[in-house]
Structures are given as C-alpha cells and as structure tokens.
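All remarks here apply to the structure that follows.
FYI, it's all coordinate maths here, none of it is from the lab. Everything numeric in this text was worked out from a predicted model, so none of it was measured. A quick note on method: Cβ atoms are made from the backbone with ideal geometry, for glycine too, and the neighbour counts reach across all protein chains shown.
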Amino acid sequence: MNIILLGPPGAGKEHSGGADREERKMVQLSTGAMLRAAVAAGTEIGKKADAIMKSGGLVSDDIVIGIINDRIDEPDCQGGFILDGFPRTLPQAAALDKLLQQKGKKLDKVVEIKVDDAALVDRISGRFSCAKCGAGYHDRHKPTKTPGVCDNCGATEFTRRADDNAETVKSRLMAYYRETAPLIGYYFAKEKLQSVDGMAPIDEVTSQINAALG
C-alpha cells in the first residue's frame, strides 16, 4: 500500500505516520531524510542536490522527484511507502502521479491530519527540549516535574528551536494553506482522501489512520 500524509507543520505526521507500518511492511519516507541520504550516498542526483544546497539554492521539483524515483525502487519499499512532506504543491502531485504511473504503481490513500490552527500554534510555540539528552517538553502540556530540571537526566540546560515561535508558526501555516491545502481538493476529486482528527492523542490518531487505510 502506498499512501501520502497531508497536514500542516506540527500536525504530527512524523509520529502518527508509523501506523502499523511494520505489520504492513511499509516504509515512511520524508523528503528531508531522502535528500540527506542521497547526498551521503553520493548518488548522481544526490550530488546535484548537494551542489544546489551548498550554494544556498532550493532543490527543484525534478531533483526531488528523481530522489523519490530512486528511493521507491529500493527493496524495502516493495511492500509500500508512506510519503511525509511530499507532495507540497499541485505540480508536485502531478509529477508524482506521472512517476507512479511510469512504474506501474498507484497511490492507494491520502490521509489528511486535520488540526485546529490556534491549538497548533500553541502546540509548536511551547515546545522545548533538554540540551543534554534531547527529552522533549512543552510549557503547558508537558512541563518538567521540577521547574528547570530535566525529568530524564537531571540537566538544567534547555533549548528551543529558533522557528518554534508564534509568528513563525503562523507564517508557516499561511504557506501551507496557500501551497499545500489545494491538494486536499485534488485528492478528494480522485477519491483518495481520508481525514482524521489530528487534535486527538497520538495513539488515537494512529488508530484513525489504521482504520482509514482499511
């Protein structure tokens, strides 16, 4: 089974996308991880991507599609894959359709993880982690048991991602609605779309995704 996970930044695609993937023998593929792997492996297309990124440019859709093309041919993808972070635009969706058709493969489902915008801003802007062990926390939803002390290792230094602030999150949401949200209608028209409640606990979101996949 081959599926796409759709949802705004912070919707939890990277966590909930693991729904039964081992049992279903599916591999979760993120564009960032695939790009890094192609660069590290020194593949032809990885070299092209590396040169562009080192010059500060944006990797083109053609290169990303080329990397996906190589990756889904690998043996571990034969049971199916979960695409996380691609496609992001309608042209990318059309390019993916063409690629799969050329390979005699098909897209089985597109799962949209629906979230509340205000809750999403709160979810992301409150995140922080231990600088020593990486344990994750949240100002309101998961604070440390002892203020200023990591529950896991006892360290007292914490970090926040520079882009985990309300203004940046709102800007990323605007980009999502402008560029990626049109895919919801695109895949609905193709009768591929299933929606799940991304505001539910992670385990419940995972169960909803499993039910959507059938």
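Our estimate of slack between residue 139 and residue 51, defined as 0.36 nm per intervening residue step minus the Cα-Cα distance, is 27.7 nm. Note on the stretch 7-154: antiparallel DSSP beta bridges, both residues inside, total approximately 55 percent of the bridges counted. Rounded to the nearest 20 debye, the dipole size of the chain about its Cα centre is 260 debye, using +1 on the Cβ of Lys and Arg and -1 on the Cβ of Asp and Glu. Calculated from the structure at hand, percent of Cα pairs over 32 Å apart is found among [x] 24; [y] 17; [z] 13 as [x]. Cross-link check: pairs 105/192; 114/170; 47/106; 47/105; 25/47; 132/170 evaluated at a Cα-Cα cut-off of 22 Å; pairs beyond the cut-off: 47/106; 47/105; 25/47; 132/170. Taking Lys and Arg as +1 and Asp and Glu as -1, the other residues whose beta-carbon sits under 15 Å from that of residue 177 total +1. In this simple spin-label model, placing a label point 7 Å from the Cα along the Cα-to-Cβ direction at both residue 197 and residue 44 gives a separation of 5.0 nm.
Sorted from longest to shortest, the spans of the Cα atoms of the stretch 22-87 along the three principal axes equal 41, 21, 16 Å. For residue 7, the residues 5 or more places off, or on other chains, whose built amide H falls under 5 Å of its own are 113.
Between the residues 90, 128, 148, the greatest Cα displacement towards the positive end of the dipole of the chain, with unit charges on the Cβ of Lys, Arg, Asp and Glu, is found for 90. Within a straight-line Cα-Cα reach of under 25 Å, residue 48 can be paired with the following lysines, leaving aside sequence neighbours fewer than 8 residues apart in one chain: 98, 103. Model label points for residue 153 and residue 37, set 7 angstrom from Cα along the Cα-to-Cβ axis, are 2.7 nm apart. Relative contact order of the stretch 103-156: 23 percent, from C-alpha pairs under 8 Å at least 6 residues apart in sequence. Highest-first packing order for the peptide set 115-128, 53-66 is 115-128, 53-66, based on the mean count of other beta carbon atoms within 10 Å.
For the chain, 77 stand unpaired, since no other cysteine beta carbon lies under 4.7 Å from theirs. A Cβ-based charge dipole, computed about the Cα centre of the stretch 144-214 with Lys and Arg at +1 and Asp and Glu at -1, lands at about 240 debye.
The local environment of residue 54, defined by Cβ-Cβ distances under 14 Å, has a net charge of +2 under the rule Lys, Arg +1 and Asp, Glu -1.
Projecting label points 7 angstrom from Cα along Cα→Cβ for residue 90 and residue 74 puts them 3.3 nm apart.
Dividing the mean sequence gap of close Cα pairs (under 8 Å, 6+ apart) by how many residues the chain holds gives a relative contact order of 29 percent. Going toward the positive end of the dipole of the stretch 60-214, with +1 on Lys and Arg Cβ and -1 on Asp and Glu Cβ, which of 60, 113, 102 do you reach last? Of the options given, the answer is 113.
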